[in-house]
Amino acid sequence: QSLLPKGYTFRSLRRSDYKLGHLDVLADLAHIGDISEAAWTERFDYLAKCQGTYFVLVIVEAGDNECDEEKRIIGTGTLVVERKFLFKLGIQGHIEDIGIKADQQGKGLGIKMLNALDSIAKDVGCYKTILDCSAKNEGFYVKCGYNKAGTEMQHYF
Ligand code: ACO
């Protein structure tokens, strides 16, 4: 928290965050389609029930004064914790859906988001975190301490 510039707060995604623009941040990352508040809340509730598996963080722009309400979500990122049989029941973290609002990029918020998710991953016992990204973002993840490994495969249905 103290590592963020003044005016920004790190916290977990809340059930009321549809209204603070959670989807607006994701819309800068990929196509999301038309999602109603009810459908968003249903998905939030599902993730919340999977205890210890989904960690969705957001960066929120604070109000101008301490007592003012939060203005909007300007960044998000997710850690999905996979509990394996392999590697002596190893726990592996998957980093997903990192997004910083276009007008807030380049302020060091993205790297702080990655550091925060990696820190949660360590705390819950992950031996490593992995992610997929496009070539244009490779340099960013290298700066976050990641190195290239393997080949991504996909199968659309
Ligand atoms: N290529 C190379 N270096 C980069 C890039 C890039 N695309 N983006 C940032 N950097 C560098 C910065 O210059 C900075 O370097 P410095 O410490 O030497 O000054 C360092 O990485 C940290 O940059 P931040 O300011 O923390 O990055 P930012 O807040 O802009 O966030 C992000 C980067 C998340 C990629 C942002 O540009 C974004 O949201 N893009 C659109 C959505 C997206 O592509 N998300 C990633 C999807 S992949 C996934 O989710 C696993």
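The values are calculated or read from the model by the stated rules, or taken from the named source; none is laboratory data. Predicted model, so just to flag it, every value in this text is computed and none were measured. Note that we place each Cβ from the backbone using ideal geometry, even for glycine, and neighbour counts take in every protein chain shown. Quick note on the areas: whole protein, heavy atoms, side chains included, nothing else; ligands and nucleic acids left out. Shrake-Rupley method; radii C 1.70, N 1.55, O 1.52, S 1.80 Å.
Which residues in region 1-31 have a backbone N closer than 20 Å to a point placed 7 Å from the Cα of Lys136 along the Cα-to-Cβ line? The answer is 24-31, whose backbone nitrogens lie closer than 20 Å to the label point. Along each principal axis, taking the top coordinate minus the bottom one, the Cα set of region 50-104 gives 50, 25, 14 Å in descending order. Separation of the alpha carbons by more than 31 angstrom is noted, of Lys49/Lys88; Lys71/Lys128; Lys49/Lys71; Lys6/Lys88, for Lys71/Lys128; Lys6/Lys88.
Of the peptides 30-37, 58-65, 92-99, the order by per-residue mean of other Cβ atoms within 10 Å, starting with the highest, comes out as 92-99, 58-65, 30-37. Taking amide H positions as modeled 1.01 Å from N, with prolines and chain starts lacking one, the residues under 5 Å from Gly90 and 5 or more places away or on another chain are Lys84.
With only alpha-carbon atoms in the gyration tensor, what are the semi-axes of the equivalent ellipsoid for the chain, in Å, largest first?
Working: eigenvalues 131, 73, 57 Å².
Values for the chain, descending: 26, 19, 17 Å.
At what distance in angstrom do the alpha carbon centres of region 101-157 and region 1-46 lie from each other? Cα centres, region 101-157 to region 1-46: 18 Å.
Packing-based ranking of 38-48, 73-83 yields 73-83, 38-48, ordered from highest to lowest mean Cβ neighbour count within 10 Å.
Measure off, as a whole percent, the carbon and sulfur share of the 1.4 Å-probe accessible area of the chain, all protein chains present.
Values: 5550 of 10550 Å².
C and S fraction of accessible area: 53 percent.
Model label points for Lys88 and Asp103, set 7 angstrom from Cα along the Cα-to-Cβ axis, are 5.1 nm apart. Helix 109-123 and the longest principal axis of the C-alpha atoms of the chain enclose an angle of approximately 50°.
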